[in-house]
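S.K.: Got a structure for you, written out below as structure tokens; questions coming shortly.
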Amino acid sequence: VNRDRCQRSDLSGNARNCFLTGNPDSYRNFIGKGLRCLLDVPNTEVFSNAHHGLGRICSQSSQPLGEKISSLQINSIGQLPHHFPACNIQIIRSFHTSPSLQAAPVPLFWIIVKPAQKLFAIILGRSIRNWWKALPPNKRELFKESARKNKWKILLGVSSLGVVFVVFYFTHLEETPITGRARLLVFGKEHFRELSQMEYDMWMEQFKSQMLPETDARYKVVERVVGHLSESNKDVPQVSALNWVIHVVDEPGVNAFVLPNGQVFVFTGLLDAVSDIHQLSFILGHEIAHAVLEHAAEKASLVHFLDFLSLIFLTMIWAICPRDSLAVVGQWIQSKLQEFMFDRPYSRTLEAEADKVGLQFAAKACADVRASSVFWQQMELAETIQGQPKLPEWLSTHPSHENRAEHLDRLIPEALKIRESCNCPSLSGPDPRLIFRLNMQHLLESSKGREAPNSSKQDPSKPKLDFPHT
């Protein structure tokens, strides 16, 4: 559901294209294509936190992160794959979890009927075109004349339909938790809880042989970080209402996601990619924010609303185009315009909001929030050394690593104020961002120098980068 296991659909399919639970393009590919899960933690747009006084946003647990969690033995960023593995899961696997007479959740019902809606629109538009072609010329003229005489009635009918959509939109607006942003919400939270349980069963079936036991040190690290984040933010009703359950998957992909019902999935590849406990706290805070802000239900609501509107245009395309081949091209253009003008920008907005809230969660947990931008600078550097192509951000559902790091740098001063207001111990030592900048050029030069003499022994596309601990 929320892939925020969400699928990052950059066209290149490189490591930048990911999918986080809480970000829900997954509904679009839920049928037929299965689910893909990839990590990504976004850049953020500043949301209004003025309505939460700094003196009130902290829970009673402001114990330093280092005291709550033993030192994380996660070294530098490891080798990054060119692409993340896809998780292909047939939706049919989820049906055995529900009694045969139980009604399907509303989101699942609309996902199933969506192909039928499009098929109906295509058949209707094509039938209108064939009917018009079959009319004798004299009847065509009579029809045009009648349309001209009744143009105001036709305009009134079209306007009334538009008013219905506008009224529907504004009557289904509500405020986003924490940020207070107005958003469209068609599907109820309880329905998504049911759907996320079905998705949880699919993930458990997929990774049942790769789950780390609770006694594993890596599992304990994730458990403690999530536990500390939830305890430090228990003053947020949406955080305390969910039961956060940890699952650590032994997979090399740099990936993590949280389902709307509080099921947390972390891949060991992510644990290899972060440099310290502070980076991990921010990333998991971001994922928790997706669930708390109910981004899965929000994105699915918008996608459903836009798809329903697009049925009108789809019918017109098949009615107006003289041939089926042109109608297919027109339908493809219409879908791409919707994707790049609405779907992807909206996904980036949700990722930005989750970054902002996740940074706040990490600050209240006394993490060093300055490490958040360092993580994305490390990812950007790794891609640069690997020679991965850079695509424009508008082609992606997520902000670029570079823009995300820059935006986090703008948010960090406010996060530091939140951290200070929570009575966290002062940060000692140099700024990790400064350490990274001082070492970046040296790392790039040394990695290039190693490529020539060691080309026969080492794959230059997967360099080992040793970043100092912050």
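S.K.: Which whole-number value in Å² is the accessible area per residue of the stretch 277-392, probe 1.4 Å?
M.R.: For the stretch 277-392, the solvent-accessible area averages 29 Å² per residue.
S.K.: Treat each spin label as a single point 7 Å out from the Cα along the C-beta direction, and report the residue 209 to residue 243 distance in nm.
M.R.: Reported label-point gap for residue 209 and residue 243 is 3.0 nm.
S.K.: Distance cut-off 20 Å, Cα to Cα: go down the list 114/299; 299/417; 118/336; 189/364; 151/336; 189/336 and report the pairs above it.
M.R.: Result: 299/417; 189/364; 151/336; 189/336 exceed 20 Å.
S.K.: Sticking with this structure for a sec: Need one number: % antiparallel among DSSP beta bridges in the stretch 184-446, to the nearest 5.
M.R.: For the stretch 184-446, the DSSP antiparallel bridge percentage is about 45.
S.K.: Please give the contour-minus-distance gain from residue 145 to residue 217: 0.36 nm per residue of separation, less the Cα-Cα distance, rounded to one decimal in nm.
M.R.: 18.1 nm
S.K.: Going Cα to Cα from residue 448, which aspartates and glutamates come in below 15 Å? Please leave out same-chain ones fewer than 8 positions away.
M.R.: Hits, sequence-local ones excluded: 383, 459, 466.
S.K.: Return the whole-Å distance between the Cα centroid of the stretch 214-240 and the Cα centroid of the stretch 261-329.
M.R.: Using only Cα atoms to place each centre, the spacing works out to 25 Å.
S.K.: Please arrange 171, 397, 315 by accessible surface area, largest first, computed with a 1.4 Å probe and ligands excluded.
M.R.: Most to least solvent-accessible, the answer reads 171, 315, 397.
S.K.: So, taking all protein chains as they sit and a 1.4 Å probe, how much accessible area belongs to residue 368, in Å² rounded to tens?
M.R.: Solvent-accessible area, nearest 10 Å²: 10 Å².
S.K.: What distance in nm lies between label points placed 7 Å from Cα along the C-beta direction at residue 340 and residue 130?
M.R.: Placing both labels 7 Å beyond Cα along the Cβ direction yields 3.4 nm.
S.K.: If R0 is 25 Å, what FRET efficiency do you get for residue 156 and residue 309 from their C-beta distance, rounded to 0.05?
M.R.: Efficiency for this residue pair is about 0.80.
S.K.: Moving on to the next point. For a quick check of your reading of the filter: which GluC sites (Glu not before Pro) in the stretch 152-259 sit in a DSSP loop and have no more than 15 other Cβ atoms within 10 Å?
M.R.: 214
S.K.: May I pose another question? In a solvent-free Debye calculation with one equal scatterer on each Cα, what is log10 I(q)/I(0) for the stretch 298-354 at q = 0.13, 0.26 Å⁻¹, listed in the order of the q values?
M.R.: -0.40, -1.00
S.K.: Hand me the trypsin sites (Lys or Arg not before Pro) from the stretch 297-371 located in a DSSP loop with no more than 12 other Cβ atoms within 10 Å, in residue order please.
M.R.: Sites meeting the loop and neighbour criteria: 323.
S.K.: Give me the percent of the accessible area of the stretch 184-446 that comes from carbon and sulfur atoms, probe 1.4 Å, all protein chains in place.
M.R.: 58
S.K.: Students often forget the sequence filter, so: which aspartates and glutamates lie under 20 Å Cα-Cα from residue 133 once same-chain residues fewer than 8 apart are removed?
M.R.: Straight-distance partners of residue 133: 141, 145, 324.
S.K.: In the calculated pair distance distribution of the stretch 287-327, what percentage of Cα-Cα distances lie above 13 Å?
M.R.: 64
The values are calculated or read from the model by the stated rules, or taken from the named source; none is laboratory data. Remember, it's a predicted structure, so these values are computed and weren't measured experimentally. A quick note on method: Cβ atoms are made from the backbone with ideal geometry, for glycine too, and the neighbour counts reach across all protein chains shown. All accessible areas refer to the heavy atoms of the entire protein, side chains included, with ligands and DNA or RNA removed. Shrake-Rupley method; radii C 1.70, N 1.55, O 1.52, S 1.80 Å.
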